[in-house]
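Working notes, beginning with the structure itself.
Every number here is computed from the coordinates shown, using simple stated rules; none is lab data. Values in this document were obtained by computation on a predicted structure and should not be read as measured data. A quick note on method: Cβ atoms are made from the backbone with ideal geometry, for glycine too, and the neighbour counts reach across all protein chains shown.
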């Protein structure tokens with residue numbers, strides 16, 4: 001299982017880019033999972049539904065299943081968010097995991113940068129950035145692709161992803 005992170009400031013286009021490159025991977029027969037970091041409180045459950053009521057009543061985990069999917073919700077309570085590597089090991093085995101966000105984690109990253117955001121590049125200050133995707137050329141020795149070049153970005157992701165066991169030893 002290989003892992004790579006798409007990181008950058010909000011509004012850079014990480015989600016849009018990810019939805020464009022995912023079909024490139026599945027067309028190659030790869031099984032891909034995505035892990036998205038939310039910087040705010042979120043809930044995938046619907047208030048008033050049975051699963052929501054179970055959580056409100058104190059269940060640590062609630063698994064909801066149906067004919068097309070299942071979802072496991074785990075309440076942290078007062079506990080800290082688990083480390084990224086621990087969360088990755090909870091995923092079912094796949095060929096590739098693309099992590100969106102987690103820009104402060106020590107994980108190999110492809111930076112997604114949009115000039116119109118007016119935000120600085122994470123690279124070169126962030127030494128975990130190993131590739132760059134932008135809507136403008138950038139002087140760098142890192143692999144670079146244009147934000148609109150879906151095939152080049154997908155190829156970069158596959159080339160720069162690292163096996164999950166390597167994350168436990170050393171990053172990047």
Response to the item:
Taking every alpha carbon pair in the chain and sorting the distances into 10 angstrom bins from 0 up to the bin holding the longest one, the percent per bin comes out as 9, 34, 32, 18, 6, 0
Discussion item. I want to verify a result. In a Gaussian network model of the chain, Cα cutoff 10 Å, which of these has the top mean-square fluctuation: 34, 138, 98?
Written reply: 138
Worksheet item: From a point 7 Å beyond the Cα of residue 148 in the direction of its Cβ, which residues of the stretch 8-51 have a backbone N at a distance under 20 Å?
Response: 11-24
Response to the item:
Helix 14-27: inclination vs the chain longest Cα principal axis, degrees, rounded to 10, gives 90
Worksheet entry | Which of 134, 10, 51 has the fewest Cβ neighbours within 10 Å, and the rest in rising order | 10, 51, 134
Worksheet entry | Tilt relative to the chain, helix 150-160 - C-alpha long axis, 0 to 90 degrees, to 10 | 80
Worksheet item: Counting only DSSP beta bridges with both residues in the chain, what percent are antiparallel, rounded to the nearest 5?
Response: 25
Fill in: Among 112, 85, 157, residue whose mean-square fluctuation peaks in a GNM of the chain (springs only between Cα atoms under 10 Å)
85
Item to complete: Would you kindly state how much longer the chain becomes between residue 34 and residue 68 on full extension, computed as 0.36 nm times their sequence separation minus their alpha carbon distance, in nm to one decimal?
Response: 10.4 nm
Worksheet item: Normalised by the number of residues in the chain, what is the relative contact order in percent for Cα pairs under 8 Å and 6+ residues apart?
Response: 34
Response to the item:
Computed, not fitted: 222 nm per-residue ellipticity of the chain from DSSP H runs ≥ 4 (each -39500 (n - 2.57)), nearest 500, equal to -7000 deg cm²/dmol
Fill in: Most to least packed among 103-109, 140-146 [average Cβ atoms within 10 Å]
103-109, 140-146
Worksheet item: How much length is gained if the chain between residue 164 and residue 92 is pulled fully straight, taking 0.36 nm per residue apart and subtracting their Cα-Cα distance, in nm to one decimal?
Response: 24.7 nm
